[in-house]
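A short worksheet on the structure shown next.
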Amino acid sequence: MRFDRAFLRFTAGSAKLVARGSSYYYGWIGLLAIFIVLGAVAYARQVDEGLIVTALRDPVSWGFYIGNFTFLVGVAAAAVVLVIPAYIYHWKPIKELVILGELLAVAVLAMCMLFVLVDVGRPDRLTHILPLLGSLNVPSSLLAWDVLVLNIYFLLNLGVVTYLLVSLFRGRSPNPYIFMPLVMFSIPMAVTIHSVTAFVYNGLPGRPFWNASLLAPKFLASAFCSGPAIMLILLQILRKTANLDIKMEAIWKIAELMAYAMFLNLFFLVAEVFKEVYSDTHHLQHMRYLFFGLEGKTALVGWAWTSVAASVAAFFLFLIPATRKNLVTLNVGCVLIFIGVYIEKSIGLVVPGFTPSVLGEIYEYDPTMNEFLVGLGIFGVGALLFTLMSRVAINVANGTFRLTQEAPRADVDVPA
Amino acid sequence: MSDFTPLPRSPSPDRRGFLKKVVASAAIATSAGCRQALEEFMKKSLREMSRAEVKDVLQKHEAEYKAKFGREVEVFATPAREGVLFGYGLDLSRCNGNRKCVTACVKENNQSRGSDDAPHNNPIQWIRVLEMEKDKGISFEHANPYYNPKEVPEEGKFYLPVQCQQCENPPCVKVCPVGATWAERDGIVVIDYDWCIGCRCCMSACPYGARSFNWAEPNLPSDQVNPNTHVLGNRPRPRGVVEKCTFCIQRTRAGRYPACLEACPTGARKFGNLLDPNSEIRRLLEEKRVFVLKEELNTRPKFFYFYG
Ligand code: SF4
């Protein structure tokens with residue numbers, strides 16, 4: 001059968017596959033559906049009244065949405081980079097690792113795009129920013145470049161993973177000459193998307209908190225903590241529920257690599273703190289606001305210290321072999337890393353850059369319920385996408401979903 | 001520097017143009033109902049339009065405002081004049097912080113008056129006057145934009161008005177992902193309110209806090225509309241786009257002074273053509289020692305401060 005026809009059968013079969021499942025599966029999908037509906041209602045309100053329903057104002061003009069976007073770009077980048085150690089150390093389920101990493105990247109990138117969509121004041125004009133259709137202001141605008149590389153990265157991952165899955169679905173082994181170069185290309189692209197996202201902030205000399213050359217390296221270091229943290233948890237879930245043959249050694253190795261990335265991240269933080277504190281110029285204000293508050297405005301202080309504490313604790317948990325190899329402490333470490341990096345890269349990055357404002361104003365940004373709900377909806381969409389895609393992928397990978405079968409077996413017990 | 005008005009259209013249809021045509025014909029075939037969506041989709045930024053197309057846009061806006069405000073509002077697209085580069089001077093020793101410039105600017109430029117029933121919907125002001133402490137000098141860290149004493153000037157304070165500095169090297173223009181903001185030949189940095197997507201990159205980039213965003217539907221009562229408008233300046237703005245001072249483009253391109261200058265009772269404000277050796281602003285640059293804000297950022301403002 002030709003590729004295109006097989007693809008149609010694949011799509012139809014996938015649709016059937018994701019429609020059936022255990023009650024846990026339905027429960028999970030139902031929960032995500034509730035999140036999505038809540039988000040959609042909140043977004044409808046925002047479209048109706050304008051961005052005034054957020055806590056954003058002129059002094060702090062980006063916040064929760066763009067912070068989430070920034071964090072998630074890192075996750076999308078790091079998910080794919082795990083392919084490198086998989087190759088170096090000859091981990092067994094490399095195919096699965098590539099597929100899962102790319103699926104995660106696709107789902108997370110969809111969330112990134114949604115976060116940009118909800119942040120702009122004129123979503124009706126979004127065609128203006130699309131490559132070819134709009135008037136993308138390259139080479140001068142970094143955001144334009146970001147849109148470009150994110151789109152390429154999205155299509156690349158979507159293409160590779162579709163090719164891999166459809167090939168396996170047809171019962172053929174994917175041609176490594178086709179997908180390996182693409183996978184290899186997606187690695188520098190992963191670094192690129194996150195660096196360019198860093199440059200969007202980095203290239204603003206009027207905002208000293210971001211205008212530090214360490215920003216892009218720090219972005220990458222923290223992404224190589226948070227992306228694998230999510231992958232580690234996913235791998236363990238799949239190992240249990242989908243009988244995916246993932247060696248514990250691989251999981252420990254990833255945790256060890258994360259410890260090094262976290263060390264770099266913390267080291268960069270120390271370097272930045274030293275430079276600002278010792279120089280003691282007015283640039284220090286932003287860091288002071290983040291960690292101690294200014295003029296009695298302390299909205300970020302609790303978050304900032306939580307982030308540092310979580311990151312340091314996770315670093316030690318992953319550095320010490322005994323805690324790294326213990327499943328409980330390993331997972332605690334993953335959660336801590338997620339919390340630490342999430343705060344650092346979203347609210348902890350965006351808001352202090354604006355506070356105090358360029359004219360010295362201290363506006364305390366505190367996201368509204370509406371913003372949270374919109375964000376919740378987007379996370380719901382991402383989780384739903386990943387659930388549905390990985391359900392198909394796992395059935396393809398373990399051979400239960402094949403072209404020869406008329407329909408996927410209904411009794412396959414796949415995880416939610 | 002590019003200008004929107006006299007710009008010749010590129011003769012060969014580019015790829016984007018082609019793509020749009022393809023999609024357009026497909027869409028026309030489907031239904032007439034998507035006319036509006038299609039129009040939005042086919043739109044170009046003002047900068048890319050021919051004169052005739054610009055004229056259409058002006059008429060469309062005039063009709064739109066007539067329907068909205070129930071009165072005639074004229075929208076001009078007066079181009080930059082040859083040999084003109086605008087510059088502004090501000091005498092800090094004269095400014096006493098009375099903020100008449102702010103009020104005049106709001107009226108002249110149709111800024112949103114904010115909303116009484118929604119106090120969080122702040123009014124938009126293109127000029128911010130900062131109160132500073134004399135013994136600390138110019139320090140934004142110690143600035144207060146919300147000063148409210150019975151009488152100005154207050155003991156020990158001085159005042160520093162900040163508005164768009166019309167930089168020669170504008171960081172806001174560089175970052176715009178869709179090219180919706182640019183510097184015209186006469187040095188005025190403008191925004192195409194029909195092209196801006198409201199991403200607010202330019203607000204992050206501006207070191208002077210000169211740009212405001214329409215977080216809500218602008219509140220502009222009909223009886224307060226200034227009906228003499230420029231398409232890139234003070235015409236009523238839609239929600240969700242960015243705006244800022246344009247040196248009163250609707251006035252200055254017609255040979256008048258900016259509204260803030262005329263309203264200033266202390267004579268602290270000076271304005272003129274930097275390319276004309278006999279202009280007031282040139283004389284000022286000659287005779288006074290001037291400085292610009294945040295000079296270390298190399299934005300090269302055309303807004304000069306001095307002590308008279
Ligand atoms: S807010 Fe408008 S003018 Fe500013 S960068 Fe975004 S699109 Fe350009």
Of all accessible surface on the range A:3-400 at a 1.4 Å probe, what whole percent is carbon and sulfur? 73 percent
Which angle from 0 to 90°, rounded to the nearest 10, does the C-alpha axis of helix B:15-30 make with the longest principal axis of chain B? 50 degrees
In the range B:15-307 the DSSP beta bridges are antiparallel at a rate, in percent to nearest 5, of 75 percent
Please identify every one of the chymotrypsin sites (Phe, Trp or Tyr not before Pro) in the range B:93-179 that sits in a loop by DSSP and has no more than 12 other beta carbons within 10 Å of its own beta carbon. B:146
Quick shape summary for the range B:72-213, equivalent ellipsoid via Cα gyration tensor, semi-axes whole Å in descending order, reads 28, 19, 17
For a Förster distance of 41 Å, can you work out the FRET efficiency between the beta-carbons of residue A:237 and residue A:45, rounded to the nearest 0.05? 0.75
Report the one residue of B:240, B:105, A:157 whose Cα lies farthest in the direction of the positive end of the charge dipole of the protein assembly as shown (charges on C-beta: Lys and Arg +1, Asp and Glu -1; origin at the Cα centre). A:157
Near residue B:68, which aspartates and glutamates are there with a Cα under 14 Å away, not counting those fewer than 8 places off in the same chain? B:217, B:223
What 222 nm value per residue comes from the helices of chain B, counting each DSSP H run with n ≥ 4 as -39,500 (n - 2.57) and dividing by all residues, nearest 500 deg cm²/dmol? -7000 deg cm²/dmol
Taking θ as phi - 60°, what are the ³J(HN,Hα) couplings along the range A:148-159 by the Karplus curve (6.51, -1.76, 1.60), each to the nearest whole Hz, with x for Gly and Pro? 4, 5, 5, 5, 4, 4, 4, 5, 4, 5, 4, x
What's the angle, to the nearest 10 degrees (0 to 90), between helix A:94-119's Cα axis and the longest principal axis of chain A? 40 degrees
So residue A:245 and residue A:162, fully extended at 0.36 nm per residue minus their Cα-Cα distance, gain in nm 27.7 nm
MRE, 222 nm, helices only [DSSP H, n ≥ 4, -39500 (n - 2.57), over chain A, to nearest 500]: -24500 deg cm²/dmol
Label point 7 Å out from residue A:22 along Cα-to-Cβ: which residues of the range A:232-246 have amide N under 20 Å? A:233-246
Taking 8 Å as the Cα distance limit and 6 or more residues as the minimum spacing, I'd like the relative contact order of chain A as a percentage. 31 percent
For the protein assembly as shown, what does the convex hull of the Cα positions come to per residue, in cubic angstrom? 179 Å³
Quick one: among B:258, B:236, B:161, which has the greatest mean-square fluctuation in a GNM of chain B with alpha-carbon springs under 10 angstrom? B:161
Cα-based Rg of the range A:3-400 per 2.2 N^0.38 Å, rounded to two decimals? 1.00
Residue A:273-residue B:157 pseudo-label distance in nm [points 7 Å out on the Cα-to-Cβ vector]: 3.8 nm
Tell me, what is the per residue accessible area of the range A:245-336 in Å², probe radius 1.4 Å? 52 Å²
Extreme residue, positive dipole direction of the range A:3-400, given options A:135, A:65, A:230 (C-beta unit charges): A:230
Would you work out which of B:199, B:160, B:170 lies farthest towards the positive end of the dipole of the range B:129-203, given +1 charges on the beta-carbon of Lys and Arg and -1 on that of Asp and Glu, about the Cα centre? B:199
Ranked by GNM mean-square fluctuation in chain A (Cα springs under 10 Å), the top entry among A:230, A:251, A:88 is A:88
Within a Cβ distance under 14 Å of residue A:154, other residues only, what is the Lys/Arg minus Asp/Glu net charge? -2
Give the calculated FRET efficiency between residue B:283 and residue B:82 to the nearest 0.05, with a Förster radius of 22 Å applied to their Cβ-Cβ distance. 0.50
Amide H partners (placed H, <5 Å) of residue B:130, local residues excluded: B:160, B:162
Enumerate the lysines that residue A:247 could reach by cross-link, defined here as Cα to Cα under 26 Å, with residues fewer than 8 away along the same chain left out. A:92, A:95, A:325
Have a look at the DSSP beta bridges in the protein assembly as shown and tell me what percent are antiparallel, nearest 5. 75 percent
Are there residues in the range B:211-245 whose accessible area shrinks by at least 40 Å² when all protein chains are included rather than the chain by itself, and which are they (probe 1.4 Å, ligands and nucleic acids not counted)? B:215, B:239
Filtering trypsin sites (Lys or Arg not before Pro) in the range A:157-252 by DSSP loop and by at most 12 other Cβ atoms within 10 Å leaves A:172
So if the hydrodynamic radius of chain B is defined as the Kirkwood radius over C-alpha pairs, what does Stokes-Einstein give as its diffusion coefficient at 20 °C and 1.002 mPa s, in µm² per second? 103 µm²/s
Taking chain A as the reference, fit the longest principal axis to its C-alpha atoms, fit the long axis of helix A:215-241 to the helix C-alpha atoms, and give the angle between the two in degrees, 0 to 90, nearest 10. 40 degrees
In the range B:235-308, what chymotrypsin sites (Phe, Trp or Tyr not before Pro) fall in a loop by DSSP, with at most 14 other Cβ atoms inside 10 Å? B:307
Quick one: accessible area per residue over the range B:187-232, 1.4 Å probe, rounded to a whole number of Å²? 18 Å²
Over 31 Å between Cα atoms: which of B:136/B:288; A:345/B:136; A:297/B:244; B:66/B:150; B:107/B:270; B:107/B:294 fall into that group? A:345/B:136; B:66/B:150
With charges only on Cβ, +1 for K and R and -1 for D and E, what is the dipole size of chain B about its Cα centre, in debye, rounded to 20? 600 debye
Per-residue HN-Hα couplings for the range B:67-82, Karplus 6.51 cos²θ - 1.76 cosθ + 1.60 at θ = phi - 60°, whole Hz, x for Gly and Pro? 5, 6, 9, x, 7, 6, 10, 8, 10, 9, 10, 3, x, 5, 8, 4
With charges set only on the Cβ (+1 for Lys and Arg, -1 for Asp and Glu), what does the dipole of the range A:3-400 come to about its Cα centre, in debye to the nearest 20? 1540 debye
Only four residue types carry charge here, +1 at the Cβ of Lys and Arg and -1 at the Cβ of Asp and Glu. Report the dipole size of the protein assembly as shown about the Cα centre in Debye, rounded to the nearest 20. 1720 debye
For the interface of A with B, what's the total buried accessible surface in square angstrom, probe 1.4 angstrom, rounded to the nearest hundred? 4100 Å²
Theoretical gain in end-to-end length, residue A:299 to residue A:369 [0.36 nm per residue, Cα-Cα removed]: 23.6 nm
So what J values fall out for the range A:255-267 if you push phi through Karplus, 6.51 cos²θ - 1.76 cosθ + 1.60 with θ = phi - 60°, rounded to Hz, Gly and Pro as x? 4, 5, 4, 5, 4, 5, 4, 5, 4, 4, 4, 5, 4
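The values are calculated or read from the model by the stated rules, or taken from the named source; none is laboratory data. Quick caveat, the model's predicted, so the values are computed rather than measured. All Cβ positions, glycine included, derive from the backbone under ideal geometry; neighbour counts span all protein chains shown. The accessibility values were calculated without ligands, DNA or RNA, using every heavy atom of the protein model including side chains. Shrake-Rupley method; radii C 1.70, N 1.55, O 1.52, S 1.80 Å.
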